[in-house]
């Protein structure tokens with residue numbers, strides 16, 4: 001089977017064609033960051049306008065696709081920015097109706113969680129750490145349509161924490177890649193930062209305390225290059241330590257409930273951080289589990305993961321989908337399905 005997908009949940013406009021043999025036949029993603037960088041974050045109205053402009057450009061590419069070989073159209077319907085979701089889902093709806101193809105509305109977070117299966121052989125159930133820009137959660141992926149959130153952030157996400165701390169240091173947006181680059185030349189032991197919720201035996205995350213403590217420390221110091229490098233290294237290492245503590249607790253929880261897993265992966269935009277990846281990979285390997293690395297190009301928002309999610313759904317459900325009237329839902333939860 002072959003699916004054409006549209007992704008437009010935030011500040012990336014993406015189109016992709018993926019087949020059931022796990023081959024990405026086409027992937028084009030256009031990022032809007034240059035339009036938002038001066039504001040320190042994504043401006044929703046501006047993002048929607050950019051999606052609209054870019055869809056016009058992508059429309060020319062779509063004309064070259066042979067729709068006789070496309071089995072279904074898929075699009076992100078949530079969560080995300082409502083204006084951005086409306087643009088992408090409406091474009092996909094028009095495409096599906098004009099070509100008489102089924103339209104599958106897709107949960108963006110579930111696509112991140114299933115994305116490791118596009119490039120690796122993971123068996124259900126598996127444990128996944130989701131660290132996208134606005135979400136941090138540990139999720140047990142039981143099936144392609146069944147997700148159990150073991151723990152999630154109760155305030156800020158790790159991605160938000162990276163961006164806010166980078167902004168406090170005047171590093172620009174997005175902050176994660178800049179901090180990662182500085183950290184390679186810094187001392188991870190230079191600053192002792194808090195590890196929120198790591199002393200409690202639960203699986204939830206909290207990053208607001210770390211964010212506040214970090215910004216306070218930044219404001220009390222001169223922003224020399226040495227300070228930035230050392231602080232970035234210490235801050236990034238602290239995030240890794242929090243992740244490792246929570247993953248360890250999650251594995252104990254699964255073991256105590258006699259839930260056997262063999263595979264683990266990290267997904268979402270923050271998963272592109274090489275230091276976090278290597279730290280978690282070493283930890284997981286020592287637990288005799290298989291760590292699956294999502295290619296860095298597929299960690300951030302992309303339509304290939306949306307197409308793959310649709311293919312996963314089609315593989316377990318035989319009925320025809322004509323979901324033309326499903327509305328975008330900006331606040332849909334990880335475990336909630338559109339279909």
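Derivation of every value follows stated rules applied to the coordinates shown; laboratory data play no part. Note that the coordinates shown come from a computational prediction; the quantities given were computed from them, not determined experimentally. Heads up, the Cβs are rebuilt from the backbone with ideal geometry, glycines too, and the neighbour counts pull from every protein chain shown.
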- [ ] Report Rg (one decimal) and Dmax (nearest whole number) for segment 1-106, counting Cα atoms only, units Å.
- [x] 13.7, 44
Open item on the list: Just want the ordering: 22, 60, 229, from fewest to most Cβ atoms lying within 10 Å of their own Cβ.
Closed with: 60, 22, 229
Task: Over the chain: helical MRE at 222 nm, DSSP H runs n ≥ 4 each giving -39500 (n - 2.57), nearest 500 - done: -13500 deg cm²/dmol
Open item on the list: Let me understand segment 215-339 better: what is its radius of gyration from the alpha carbons, and its Dmax, in angstrom?
Closed with: 19.7, 62
Open item on the list: Pairs of alpha-carbon atoms within less than 8 angstrom and 6+ residues apart define the contacts here; what relative contact order does segment 1-141 have, in percent?
Closed with: 23
TODO: Express the relative contact order of the chain as a whole percentage, based on alpha carbon pairs under 8 Å and six or more residues apart in sequence.
DONE: 26
Open item on the list: Give me 253, 77 sorted ascending by neighbouring Cβ count inside 10 Å, so fewest comes first.
Closed with: 253, 77
TODO: May I have the extent of the alpha carbons of segment 124-293 along their three principal axes, as whole Å values ordered from largest to smallest?
DONE: 51, 27, 26
Open item on the list: I need 261, 215 ordered by Cβ neighbour count within 10 Å, fewest first.
Closed with: 215, 261
Task: Convex hull of Cα atoms in the chain, direction-averaged projection (nm²) - done: 16.7
Open item on the list: Using a Förster radius of 35 Å, what is the FRET efficiency between residue 316 and residue 97 based on their Cβ-Cβ separation? Nearest 0.05, please.
Closed with: 0.90
Task: Relative contact order [Cα under 8 Å, 6+ residues apart], segment 124-293, whole percent - done: 27
TODO: Could you compute the FRET efficiency for residue 49 and residue 82, with r as their C-beta to C-beta distance and R0 at 22 Å, rounded to 0.05?
DONE: 0.95
